[in-house]
1. Quick check: the distance between the Cα centres of region B:1-19 and region A:343-379, to the nearest angstrom?
2. So how much slack lies between residue A:239 and residue A:1, counting 0.36 nm per residue of separation and subtracting their Cα-Cα distance, in nm?
3. With chain B treated as a Gaussian network of Cα nodes joined by springs under 10 Å, which of B:281, B:55, B:130 yields the largest mean-square fluctuation?
4. Which of the residue pairs A:17/A:37; A:77/A:276; A:37/B:252; A:11/A:37; A:39/A:150; A:39/B:252 have a Cα-Cα distance greater than 18 Å in the structure shown?
5. With 10 angstrom as the radius, rank A:26, A:325, A:272 by how many other C-beta atoms surround their C-beta, starting from the fewest.
6. Dipole size in debye (nearest 20) for chain A around its Cα centre, Lys and Arg Cβ +1, Asp and Glu Cβ -1?
7. Using the Cα atoms of the protein assembly as shown, I'd like the radius of gyration and the largest Cα-Cα distance, Dmax, both in angstrom.
8. Using modelled backbone amide H atoms (1.01 Å from N, in-plane), which distant-in-sequence or interchain residues come within less than 5 Å of residue A:93's amide H?
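Values in this text are rule-based calculations from the coordinates and carry no lab data. What you see is a predicted model; the values in this text were computed from it and never measured. With ideal geometry, Cβ positions are generated from the backbone for all residues, glycine too; neighbour counts draw on all protein chains shown.
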Amino acid sequence: MWDQPIADFEKQNPGVKIIREIGPQSSTQLHDLITQKLKNRDTEMDLFVMDVIWPAEFASAGWAFPLDRFFSLAEQKQFLDAPIQANRYRGQVFGVPLFIDAGLLYYRKDLLEKYRMSPPRTWPELVEEAKTILTREKDPQLVGFSGQFKQYEGLICNMMEYILSNGGNLWDDKRMVSTLNQPNAVEAVRFVRDRIIGQIAHRGVLAYEEPESLVLFTEGKAVFHRNWPYAWNVANDPQRSKIAGKIGMIPLPSFPGGKGVAALGGWQLAISRFSKKSELAWRFVAFMTSHTMQKRITLSTGRAPTRVALYNDREVLDQLPQLESLWETFKQAVPRPTTPVYVPLSNIMQRYFSSVLALPDTDIDNRAALAARDMNRVLDLLREAPAR
Amino acid sequence: MRSSHRLAFLFLLPSLIFVGLFALYPIFESFRLSFYRLILTLPWLGQKMVGWENYVDLWTDPVAAESLRTTLFFVVTTIPLELGLGLAMALVMNEAFRGRGLLRAIVLIPWAIPTVVSSQMWRFVFNDRYGLFNFVLFGGDASRYLAPLADPTLAPMAIIVAEVWKTAPFVALIILAGLQTIPDELYEAAGIDGATAWQKFRHVTLPLLRPALLLALLFRTIDALRVFDLVFVMTQGGPADATNVLSFYGYKKIFAEGMVGYGSAIAVGVFLVSLILSLAYLRVLKASRLERTPR
């Protein structure tokens, strides 16, 4: 997706050569790589992609260049609001949204129809449907559900969708205290451990990131699957999927009485504070996120655009009809709270989630209390007055 | 006399500069940073001198304690396996037979492959659906397949297997070098005295191999204490922190979380544990050298 736009940009701007460095697929590992360059004040790297959870950290550390001078409020209004908010920190904006992602539920339409089931609206319904289908299909390789439960950032996205759709939260952004040990949050985690892991999902999901969990689904070996929007095109491509045309996609379920919640994901373009060519870097950012380029990238990759106008674009909707139904999900997707200490908080939460899911005998209440205490210690750092 | 000293110093200078710049300076710097609270993502908090606070925290940090246990478990399980396998491989390679040169080259392949590459390979081997591991154990019976990298008990074992596979050849190489220093006459003499093959091994080979074995032990212990790349590629410390070895924990603190002070304290901790063990080994090694010097 990058080669053609880069070539076009270079043609429009004679004398400019853009060098693209390929990073690891995992957001966690890419974070380590990019922050390493920024810590070293590397002037070679002019711009970089930023996961939706990084802007506050990069802004606070003084690594990302504030874009307010280039990126006007009027222009910001052309984009979906949630990712713009994720790019703001203390009144300034630090990135331009390139793609938007939100958690979705994929399911095997053919299997649900075969057993006269309607797509689940609650998590318990999903578990029951999956169990029934597994019992009747009698295929030892078939699993009821696949998602991302490895000890990494994706685990936070998956788990927050359960917790928030049960009325819980990860932490209270106003009072700056962890809420992981609140009853709603604990109850949701207990549900995942007792009803999903080792039940409708095999324990192997505890080592799965997106690619492995998607392969299980596209091989036709999973009834339900949680993933980002890109999975729709992959799963419907007969070259890469055995279930092309046999799938459905809906917003994620909730717990009874709650509201379904999709974690907001996505990637931004940002400029390094140490770049010596910030003007030129901005020209490329503006080019990549322009209406024309967003449309072209959307049409060629199927990834969800960040500009509002494209969700009313006939040509886009003709080719990607699913965007129409995704619109509501994107508008309501919930970002992980923005904070410069996101990574330490995430590591504490990953440790907690992974421990209680992988070790079925652990005392969830006790672990949740410990995790909350550790998170509060980190959050307390934000209350401290600046050094002289 | 003085001028020859000066000349010697001159010759030593490049090595001294090199060691100073690339070994001593980073160690010193880590020591210094470990007494500060320095959080890269919160620059307004500044760099605050906190004395022993990071070490007190480290001492009471349950994650660090668990991490130390994981690391020590890794050390005490991998090393006997590596030494045992390495010794067996070295004994075979030491015999004269056709194709010995080829075998010696082949045995070294796992050691020559970059760890990042071989870890990726082992990750595939232990894949829960398509991995060779499950196929070998259970054939086509997918219902019995295990997910080693998703299981807190099996994941450390998977890392151990990958480590032993990779480093046993290295141990074999050191032991082979040791074997070749043992003069044939000793075996001949033992043969004349009527020693069996086992007795020759037990009373000639093993005692004379002691320095080589201790050397291998030293290298492997220090290396195993610092294990990082296997974990980084195969598990990222999971599941449930079961493979969160000390180096990986320190790495995450410094490089992912930006907690430079606390992460440095972890690094110093790893350094001290390695140093103490190395000194202990060196004493034993020295003692065994002295034993061999003729009186």
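1. Rounded to whole Å, the Cα centres lie 55 Å apart.
2. Numbers: separation 238, 0.36 × 238 = 85.68 nm, distance 1.89 nm.
This chain segment gains 83.8 nm when fully extended.
3. Of B:281, B:55, B:130, the Gaussian network model singles out B:130 as fluctuating most.
4. Numbers: A:17/A:37 20 Å; A:77/A:276 29 Å; A:37/B:252 16 Å; A:11/A:37 28 Å; A:39/A:150 28 Å; A:39/B:252 15 Å.
The pairs that break the limit, which is 18 Å between Cα atoms, are A:17/A:37; A:77/A:276; A:11/A:37; A:39/A:150.
5. Working: A:26 17, A:325 12, A:272 24.
With the sparsest Cβ surroundings first, the list reads A:325, A:26, A:272.
6. Details: 48 positive and 44 negative charges, 58 e Å.
Dipole size: approximately 280 debye.
7. 28.9, 99
8. Under 5 Å from the amide H of residue A:93: A:67, A:68.
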